[in-house]
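Engineer: Have a look at this one before I ask anything.
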């Protein structure tokens, strides 16, 4: 008989992630809270890293991502591509990073970096898809104005976006390590050997 | 006609996303008409006040940004396009959501050869209310205990920890349920392997009578003349408190200390017990007496064995003895699926002594089918 726990763990952690996305996620997106992508990215990271530490099998993060997307799309009515793509990218990034690092903390950090660093790029992509290229160029101009106001005038949009990508990526890397630490506490709580 | 309406809705959704802004108005009209034809309640549910307000807000923010950068005319144009696109997406989603339910999904995944994925998604749907309820409870407790922003931030990891641990416990229960019922495709191996040995898992909560059941079983098998091997672990108590375990060889009656209860921090294998080699040694000797045609009794296996340590190597050797008639293994409920996987058992009968009560011994005997 095969061990069914990777399947049930992926289902349940994907459910938790999907539930968080559908409740907290919808609230922060509709409320247009600042750093909403980062907040939801960290919540997803916590679910994925903990899942991978409890069930160190390749593929569990991807399966949890499929479950979370399913719940977001079909159960709770979220059909906007942004969060769905975000969930899929995050699950893929953490899966690849954790598998490549053989489930070590560096995998959580790299997975966190990639999954959150793609947030700003994904936002630009969605802006282009939903609002068109004019909205993207307006947004970039807005960024240039904002950086000029804080004494960083003359920066090209690509430099500003790169800086944002690196900054959110670093937050993601720290978040990945934080998720690793929380996952360790969860394992101790469950009586697992850490 | 329904197919035509569904096709029109899909095309309108694609056009509104990738076509010119002028087409967006017509796409919205076509999409709403097709959606209304397919499922009027879905359209009403999709276009509720809160959703429409959120869409208008998003479009207004976009319009304001573009108006600031490109001028009011362009701002109005882009804001209008965003509004139409989001409305079409909302209508399409509302119809799609009501058309896809768990059963349709299971049928679809089974047809595509992804039956396990369908079961996983079904499990997710079933578990969602439980996870949502637990999340609500944890959030309420967190809100009531936290005082001020700093305290809230300090307690945030604890909030995540409790939620994740709860989720893991539900996942363990789901795995145990899948194995206990034995009818889920999740537990079915991809390739049917020959049954190596009749395996009976005896399970139940702490102090439910698992050890007494296997001792009664051993007596019955002895009377039947079935060769026996194995051991039971007997809890040692002082002033009503469990202080350790002794291991008793079923055939010789020889005993040895196996584990001593200690503080959580100084236990072995991440447990609260310190384990003694003499207990494991006697366990190995007891299991080595297994004979063809006989039954091996193992009471019990725990997290230590599931990590491959403790009695596990000797148990794995014992159940592979050619001609062995059966194996009876005691294990706690949450560990059943992991144990079955560790022993590579393709099939097993699970007897829960709490549920079966006095019938447990008879059930095990009939499952073993070794009476002479």
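The values are calculated or read from the model by the stated rules, or taken from the named source; none is laboratory data. What you are looking at is a predicted structure, and each value in this text was computed from that prediction instead of being measured. Positions of Cβ are generated from backbone atoms using ideal geometry, with glycine treated the same way; all protein chains shown enter the neighbour counts.
Engineer: Among the residues of segment B:210-247, write down those that are touching a helix residue (DSSP H, G or I) at 6+ places or on another chain (Cβ under 9 Å), buried (at least 18 other Cβ atoms within 10 Å of the Cβ) and part of a helix (DSSP H, G or I).
Structural biologist: B:210, B:213, B:214, B:217, B:221
Engineer: Give the residues of segment A:172-194 that are more than 12 Å from chain B (Cβ to nearest Cβ) and in contact with a helix residue (DSSP H, G or I) (Cβ under 6 Å, 6 or more places away or on another chain), sorted by residue number.
Structural biologist: Scanning segment A:172-194 gives A:172, A:173, A:176, A:177.
Engineer: Take the residues of segment A:93-116 that are touching a residue at least 24 places away in the same chain (Cβ under 8 Å) and surrounded by fewer than 22 Cβ atoms within 10 Å (Cβ to Cβ): which is farthest from residue A:178 (Cα to Cα)?
Structural biologist: Taking the candidates together, the pick is A:99.
Engineer: While we're looking at this one, here's another question. Test residue B:84 against the stated conditions and say whether it is surrounded by fewer than 21 Cβ atoms within 10 Å (Cβ to Cβ) and under 25 Å from residue B:10 (Cβ atoms).
Structural biologist: No, not satisfied.
Engineer: Follow-up. Are any residues in segment A:128-170 under 19 Å from residue A:90 (Cβ atoms) and surrounded by 19 or more Cβ atoms within 10 Å (Cβ to Cβ), and if so, which ones?
Structural biologist: A:168, A:169 - these are the residues of segment A:128-170 that are under 19 Å from residue A:90 (Cβ atoms) and surrounded by 19 or more Cβ atoms within 10 Å (Cβ to Cβ).
Engineer: Say we look at segment B:12-25 and pick out the residues that are assigned to a helix (DSSP H, G or I) and without any contact (Cβ under 8 Å) to a residue 12 or more places away in the chain; which of these is surrounded by the most Cβ atoms within 10 Å (Cβ to Cβ)?
Structural biologist: Ranking the qualifying residues of segment B:12-25, first place goes to B:23.
Engineer: Tell me, please, whether a residue that is outside any helix (DSSP H, G or I) and more than 8 Å from chain A (Cβ to nearest Cβ) can be found in segment B:88-106.
Structural biologist: yes
Here's the yes/no breakdown for (1) touching a residue at least 60 places away in the same chain (Cβ under 8 Å); (2) more than 43 Å from the chain's Cα centre (by Cα):
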{"site": "B:32", "(1), (2)": "no, no"}
{"site": "B:35", "(1), (2)": "yes, no"}
{"site": "B:39", "(1), (2)": "yes, no"}
{"site": "B:42", "(1), (2)": "no, no"}
{"site": "B:46", "(1), (2)": "no, no"}
{"site": "B:51", "(1), (2)": "no, no"}
{"site": "B:58", "(1), (2)": "no, no"}
{"site": "B:65", "(1), (2)": "no, yes"}
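Engineer: On to the next question. For the subset of segment B:179-201 comprising residues that are within 30 Å of residue B:290 (Cβ to Cβ) and at the interface with chain A (Cβ under 7 Å from one of its Cβ atoms), which member is modelled with the highest pLDDT?
Structural biologist: By that ranking, first place goes to B:179.
Engineer: Ok, one more. All but one of (1) modelled with pLDDT under 85; (2) under 15 Å from residue A:43 (Cα atoms) hold for residue A:153; which doesn't?
Structural biologist: (2)
Engineer: Let me ask you something else. Among the residues of segment B:124-139, count how many are free of Cβ contacts under 8 Å to residues at least 12 places away in the same chain and either surrounded by 20 or more Cβ atoms within 10 Å (Cβ to Cβ) or within 7 Å of chain A (Cβ to nearest Cβ) (or both).
Structural biologist: The total comes to 3.
Engineer: A further question on this structure: With the condition kept exactly as written, say whether any residue in segment B:50-61 is facing chain A (nearest Cβ under 8 Å) and more than 24 Å from residue B:30 (Cα to Cα).
Structural biologist: Yes, because at least one residue in segment B:50-61 is facing chain A (nearest Cβ under 8 Å) and more than 24 Å from residue B:30 (Cα to Cα).
Residues checked against (1) within 9 Å of chain B (Cβ to nearest Cβ); (2) modelled with pLDDT under 90:
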| site | (1), (2) |
| --- | --- |
| A:4 | yes, yes |
| A:10 | yes, no |
| A:19 | yes, yes |
| A:28 | no, yes |
| A:47 | yes, no |
| A:66 | yes, no |
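Engineer: For residue B:121, which of the numbered conditions (1) modelled with pLDDT of 80 or more; (2) exposed (fewer than 14 other Cβ atoms within 10 Å of the Cβ) fails to hold?
Structural biologist: (2)
Engineer: Quick check on this structure: which one of A:144, A:122 is under 24 Å from residue B:64 (Cβ atoms) and without any contact (Cβ under 8 Å) to a residue 24 or more places away in the chain?
Structural biologist: From the options A:144, A:122, the qualifying one is A:144.
Engineer: So which of B:43, B:16 ends up being under 13 Å from residue B:94 (Cβ atoms) and at pLDDT below 85?
Structural biologist: When all the criteria are applied, what remains is B:43.
Engineer: Quick check, is residue B:75 surrounded by 21 or more Cβ atoms within 10 Å (Cβ to Cβ) and over 30 Å from residue B:39 (Cα atoms)?
Structural biologist: The answer is yes for residue B:75.
Engineer: Shifting gears a bit: What pairs come out if I take residues in segment B:140-167 that are within 14 Å of chain A (Cβ to nearest Cβ) and more than 18 Å from residue A:183 (Cβ to Cβ) and pair them with residues that are at pLDDT 80 or above and in a helix (DSSP H, G or I) whose C-beta lies under 7 Å away, six or more apart or interchain?
Structural biologist: B:142/B:155; B:142/B:159
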